[in-house]
Amino acid sequence: MMNEKDFFKLHNGSDVRGVAVDGVAGEPVTLTTEAVNRIASGFVKFLTDKLGKTPAQLKVTIGNDSRVSAPQIKAAACKALVAHGVHVVDCGLASTPAMFMSTVFDETKADGAIMLTASHLPFNRNGMKFFTRGGGLESADIKKILTTAATLGTVEAPLDNVHHFDLIDRYSAHLRKIITDKLGDAKPFAGMKIIVDAGNGGGGFFATKILQPLGANTDGSQFLEPDGNFPNHIPNPEDKAAMASIQRAVLDSKADLGLIFDTDVDRMSAVLSDGEEISRNALIAMMAAILAPDYPGSTIITDSVTSDGLHKFLEGDLKLKHHRFKRGYKNVINECIRLNNAGTVSPLAIETSGHGALSENYFLDDGAYLAVKLLIAAAKYKNLSALIDKLTYPAEGREFRLKIVGVEDFKAYGQRVLDEFKSRAVAEGLTLAEPNYEGVRINFDGGWALLRMSLHDPNMPLNVESDAAGGCAKIVTAIKKLIVGFDKLDTSALDA
């Protein structure tokens with residue numbers, strides 16, 4: 001029988017995540033069918049409290065990505081939902097953004113939605129994301145659900161009355177309509193070759209249900225078939241092997257554009273016809289350039305590790321405002337919502353990871369919607385690279401992860417490190433970046449360094465960029481002097 005501590009170990013920011021497949025690398029299963037069943041019951045209690053409805057008045061949709069553990073995980077959740085009298089709609093293979101849209105579409109109009117996914121994590125992991133009509137749940141909401149789950153037992157009921165709905169088909173029609181309405185053409189991609197790499201995750205529908213019906217030639221697309229073992233590469237646009245794979249595919253197939261999605265399609269990156277990667281700072285720059293004509297002078301929210309070249313491009317070339325905020329897609333999204341509610345127009349919240357949310361799309365981090373905006377621009381402008389030809393890139397960039405060891409309250413220890421690190425930097429006469437919302441960012445001549453706390457783990461990431469070859473090494477040398485003497489901070493990574 002799982003206790004509260006066991007459930008809290010599954011808490012991962014605004015998600016639930018754990019090991020779901022036994023016998024891999026000695027990792028014990030933590031996201032058991034018992035855990036999923038009880039967490040689903042906790043979600044029912046959360047919804048009844050939030051909406052003032054009885055369980056029998058609730059409609060909950062549930063979907064999954066391609067992971068091998070999805071069938072048993074889904075069955076465990078559905079048994080709990082049905083046992084409480086909830087009307088359950090199984091949406092089958094889905095994407096995370098589509099599951100949110102199941103609370104919007106008239107055909108489903110769910111009170112709550114559950115997506116079973118662990119994003120880009122290894123195949124033996126799985127997880128649960130939750131939505132209401134107000135959007136994705138916050139970390140505090142997840143804690144509340146897990147606290148409730150720890151007090152409940154497992155419940156079961158036959159699944160004969162679970163309804164089934166092809167959500168991806170409905171979601172694809174929704175995206176196709178956005179494209180055709182904007183471009184005024186039933187086949188706007190005729191004559192274009194656009195390929196997709198789904199990494200055997202849930203994104204293959206983008207080629208077959210969106211691009212092909214709109215006239216695109218998708219020959220050369222790869223790994224569209226769902227396969228939860230991920231036999232070709234990790235479905236993660238940030239993974240170097242995955243990006244190299246789509247770059248080769250674009251060049252080999254002579255495609256005009258390549259799109260790559262993560263497992264649950266809430267992130268994307270792109271590759272231009274010459275093999276140029278559009279990700280991280282470049283993806284932010286391109287999406288901002290696409291939005292700038294419709295939102296002149298608006299504010300773009302990014303995470304904390306964006307480059308100085310991006311900042312100059314956004315503010316100098318696009319005449320937008322750049323608000324460099326915190327890491328974590330929920331952080332940037334919530335800040336975007338806050339600013340809009342306060343009267344500051346902010347059309348885009350986007351991380352360097354590829355999580356991007358638009359105010360015009362429910363503030364939903366949706367890789368497929370980003371791809372739609374990119375495709376509309378591609379059909380309009382033909383030469384996408386021209387949109388960011390003034391963007392400059394650093395000569396070097398490194399990320400080091402400095403582990404905190406032997407400390408139970410690692411966040412408190414990390415904060416003490418940051419406080420002293422900042423004091424030492426000031427004493428050395430170094431220039432601190434201001435305003436700054438996460439960690440300590442120091443501006444060097446032709447570069448910068450940011451030391452911060454990891455969102456969830458006992459380590460302190462250090463990001464360093466330089467505009468000159470060899471500059472990162474010089475910055476790291478300066479940083480080493482500022483972090484001497486912290487006996488619980490393992491700085492050996494800086495010597496590699």
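Step by step: first the residues of segment 1-48, then only those that are of a type in the set (K, R) and either assigned to a loop (DSSP other than H, G, I, E, B) or at pLDDT 95 or above (or both), then the one that is nearest to R67 (Cα to Cα). Which residue is that?
Residue satisfying both the conditions and the ranking: R17.
Looking for whichever is outside any loop (DSSP other than H, G, I, E, B) and either touching an Asp or Glu at 6+ places or on another chain (Cβ under 9 Å) or within 30 Å of F8 (Cα to Cα) (or both) here; the options are K481, K474. Which one fits?
That would be K481, the only listed residue that is outside any loop (DSSP other than H, G, I, E, B) and either touching an Asp or Glu at 6+ places or on another chain (Cβ under 9 Å) or within 30 Å of F8 (Cα to Cα) (or both).
This table checks each residue for (1) farther than 21 Å from E434 by Cα; (2) over 17 Å from the mean Cα position of the chain (by Cα); (3) without any contact (Cβ under 8 Å) to a residue 40 or more places away in the chain.
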position	(1), (2), (3)
E277	yes, yes, yes
P296	yes, yes, yes
T306	no, no, no
A349	no, no, no
Y362	yes, no, no
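Out of segment 58-72, which residues are farther than 17 Å from A157 by Cβ and out of contact with any Cys (no Cβ under 6 Å at 6 or more places or on another chain)?
N64, D65, S66, R67, V68, S69, A70, P71
For residues that are touching a strand residue (DSSP E or B) at 6+ places or on another chain (Cβ under 9 Å) and either part of a helix (DSSP H, G or I) or under 10 Å from K59 (Cα atoms) (or both), tally how many sit in segment 78-119.
20
Kindly indicate which of F363, F400 is touching a helix residue (DSSP H, G or I) at 6+ places or on another chain (Cβ under 6 Å), in the same structural domain as N334 (by TED's automatic domain parsing) and of a type in the set (F, W, Y).
Selected residue: F363, the only one of F363, F400 that is touching a helix residue (DSSP H, G or I) at 6+ places or on another chain (Cβ under 6 Å), in the same structural domain as N334 (by TED's automatic domain parsing) and of a type in the set (F, W, Y).
Just one of the numbered conditions (1) in contact with a Lys or Arg (Cβ under 6 Å, 6 or more places away or on another chain); (2) modelled with pLDDT under 95 is not true of P461; which one?
That leaves (2) as the condition not met.
Taking N236 as the residue in question, decide whether it is surrounded by fewer than 20 Cβ atoms within 10 Å (Cβ to Cβ) and in contact (Cβ under 8 Å) with a residue 60 or more places away in the chain.
No: the conditions fail for N236.
Give K79, K129, K143, K109 a once-over and let me know the one that is farther than 28 Å from I260 by Cα, at pLDDT 95 or above, surrounded by 18 or more Cβ atoms within 10 Å (Cβ to Cβ) and of a type in the set (K, R).
Unique residue meeting the criteria: K79.
Quick check: is even one residue across segment 125-142 under 17 Å from K5 (Cβ atoms), in a loop (DSSP other than H, G, I, E, B) and assigned by TED's automatic domain parsing to the domain that holds T61?
Taking every residue of segment 125-142 in turn, none turns out to be under 17 Å from K5 (Cβ atoms), in a loop (DSSP other than H, G, I, E, B) and assigned by TED's automatic domain parsing to the domain that holds T61.
Could you grab me the full set of residues in segment 205-222 that are buried (at least 24 other Cβ atoms within 10 Å of the Cβ) and within 8 Å of K193 (Cβ to Cβ)?
A216
Does A70 meet the test of being within 22 Å of the chain's Cα centre (by Cα), modelled with pLDDT of 95 or more, under 24 Å from A110 (Cβ atoms) and not acidic (D, E)?
Spelling it out, A70 is indeed within 22 Å of the chain's Cα centre (by Cα), modelled with pLDDT of 95 or more, under 24 Å from A110 (Cβ atoms) and not acidic (D, E).
For segment 229-268, which positions are in a loop (DSSP other than H, G, I, E, B), of a type outside the set (V, I, T) and under 19 Å from the mean Cα position of the chain (by Cα)?
Hits for segment 229-268 are F230, H233, P235, N236, P237, E238, D239, D262, D264, D266.
Mind checking which residues of segment 369-393 are among the charged types (D, E, K, R), touching a residue at least 24 places away in the same chain (Cβ under 8 Å) and over 22 Å from D467 (Cα atoms)?
K373, K380
Check G275, G297, G328 and return the single one that is more than 25 Å from L224 (Cα to Cα) and surrounded by fewer than 20 Cβ atoms within 10 Å (Cβ to Cβ).
Result of the check over G275, G297, G328: G297.
With respect to P188, determine if the residue is of a type outside the set (S, T, Y) and modelled with pLDDT under 95.
When the stated conditions are applied, P188 does not pass them.
Taking segment 6-48 on its own, how many of its residues are surrounded by fewer than 17 Cβ atoms within 10 Å (Cβ to Cβ) and within 24 Å of K330 (Cα to Cα)?
3
The values are calculated or read from the model by the stated rules, or taken from the named source; none is laboratory data. Owing to the predicted nature of the structure, the values given are computational and were not obtained by experimental measurement. Heads up, the Cβs are rebuilt from the backbone with ideal geometry, glycines too, and the neighbour counts pull from every protein chain shown.
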